[in-house]
Amino acid sequence: MLKFDDVQAMLKRCEAFHGHLCMGQVTGVRMAKKGLELVAAEHIKDLIVMVENDRCITDAIIMATGVRLGRRSLKFYDYGKMAATFVNQKTEKAWRVASRGTSDDGLPPDRAMAAALAKADEELMTWQRVRVAFGPGDLPGPPERIVRCSRCGETVLDYRDVPTGQGQADPLCRACAFGTYYQTLSEMDAGSGSMA
């Protein structure tokens with residue numbers, strides 16, 4: 001079964017990976033330990049974890065569980081919450097673990113982290129059994145489907161394309177269908193009338 005017993009050793013690994021030790025690392029390690037206990041995955045290939053923020057706990061969960069975005073065993077949902085869902089693919093057991101938040105009462109960071117580490121699981125976090133439905137292109141392994149965007153020509157993997165209603169031959173990537181998070185320099189130049 002996937003697990004770790006030495007929280008302090010795991011925190012040292014997390015600190016080296018993340019760059020510093022903080023309350024988010026402590027919380028993430030404790031959440032990962034609890035999640036691994038609850039889903040009882042025997043091998044890394046059976047584990048998928050969904051994290052709900054892009055902060056310190058995510059780095060701790062990565063180090064403590066071995067999940068990776070590139071392996072498709074880590075999923076990111078930007079809810080801004082100190083929570084993660086742990087799924088055993090083999091048994092379909094899924095548990096969502098959430099931080100109760102910290103009340104450090106103005107303690108210096110080292111003492112606040114030590115206090116958090118000394119707390120019982122029930123004081124530090126909550127957990128509940130959940131069900132997670134994965135789509136046809138959500139699981140680890142080779143791409144289930146590859147198409148080319150009919151507008152930009154870039155490839156789109158695993159059903160992340162948007163049908164145009166004009167048939168399978170005209171899919172759009174999400175960027176072309178809904179807009180991008182970036183603006184190209186040529187778009188910016190055209191909008192301002194000047195070259196940078």
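Quick notes on this one:
- Subset of the range 80-97 (residues that are within 19 Å of M23 (Cβ to Cβ) and open to solvent by 30 Å² or more (accessible area, probe 1.4 Å)): G80, K81, M82
- All conditions in (1) touching a strand residue (DSSP E or B) at 6+ places or on another chain (Cβ under 7 Å); (2) open to solvent by less than 10 Å² (accessible area, probe 1.4 Å) hold for A60, with the sole exception of (1).
- Counting residues in the range 139-150 that are within 21 Å of K45 (Cβ to Cβ) and touching a strand residue (DSSP E or B) at 6+ places or on another chain (Cβ under 6 Å) gives one or more.
- Y77 fulfils the conditions (1) aromatic (F, W, Y); (2) touching a helix residue (DSSP H, G or I) at 6+ places or on another chain (Cβ under 9 Å); (3) surrounded by fewer than 22 Cβ atoms within 10 Å (Cβ to Cβ) except for a single criterion, (2).
- Residues satisfying the stated conditions in the range 154-185, i.e. among the charged types (D, E, K, R) and either assigned to a helix (DSSP H, G or I) or within 22 Å of the chain's Cα centre (by Cα) (or both): D158, R160, D161, R174
- From the list R72, R111, R68, the lone residue that is out of contact with any Ser or Thr (no Cβ under 9 Å at 6 or more places or on another chain), free of Cβ contacts under 8 Å to residues at least 12 places away in the same chain, assigned to a loop (DSSP other than H, G, I, E, B) and not small (G, A, S) is R68.
The values are calculated or read from the model by the stated rules, or taken from the named source; none is laboratory data. What you see is a predicted model, and the numbers here were worked out from it, not measured in a lab. Heads up, the Cβs are rebuilt from the backbone with ideal geometry, glycines too, and the neighbour counts pull from every protein chain shown. For accessibility, only protein heavy atoms count, side chains too; no ligands or nucleic acids. Shrake-Rupley method; radii C 1.70, N 1.55, O 1.52, S 1.80 Å.
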